[in-house]
Amino acid sequence: MMEIKLSSFKRDHGLEELFSDDMSEFWHTDDSLPHYIEITFQKLTKVSNVILTLMYSKDDSYTPSIIEIRVGMTRELLEPVCNVSLNEPEGDISFIINQECFFMQIIILSNHQDGKDTHVRRLKILDHKMRDILVIPECLMNK
């Protein structure tokens with residue numbers, strides 16, 4: 001199990017949409033930069049890759065341009081494992097992590113064209129066997 005927290009979201013554009021395989025749905029932030037997804041794992045977890053689905057062709061200035069991922073054993077000791085600049089990304093963008101952690105933050109530091117809010121179409125977190133280990137919260141499964 002895990003706990004997932006979003007820095008902000010607009011109504012009908014939160015966790016459920018972030019987990020959806022329907023690419024017409026997306027997480028839409030509702031606050032100033034930086035935006036983040038914070039994940040707390042209940043046990044030490046080996047994370048191989050983080051995959052974000054981004055669509056510049058649909059989202060324009062809402063598309064992230066700089067993303068940093070931090071992991072650690074405690075929330076206070078998170079260390080950056082990647083900081084990536086993106087140029088008009090389309091589709092699944094994979095970030096190699098290869099770390100064991102209890103805590104992870106995916107931070108959107110900047111958007112294209114200095115956009116303020118962000119769209120992320122989907123999030124996947126893969127283990128060493130390349131299986132998606134994100135657990136959809138029960139409250140979302142009954143909708």
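What to note about this one:
- Take every pair of alpha-carbon atoms less than 8 Å apart whose residues are at least six positions apart; their mean separation over the length of region 2-131 yields a relative contact order of 36 percent.
- Per residue Cα convex hull volume in Å³ - calculated over the chain: 102
- A straight Cα-to-Cα reach below 22 Å connects Lys116 with the lysines Lys5, Lys10, Lys58, residues fewer than 8 places away in its own chain not being considered.
- Cα convex hull, region 20-71: 127 Å³ per residue, rounded to a whole number.
- Extension gain from Leu134 to Ile66, taking 0.36 nm per residue of separation minus the Cα-Cα distance: 22.2 nm
- Relative to one another, the C-alpha centroids of region 1-76 and region 106-128 are positioned 6 Å apart.
Computed from the coordinates by the stated procedures, all read-outs in this text should not be read as laboratory data. Given the structure is predicted, the values throughout are model-derived calculations rather than measurements.
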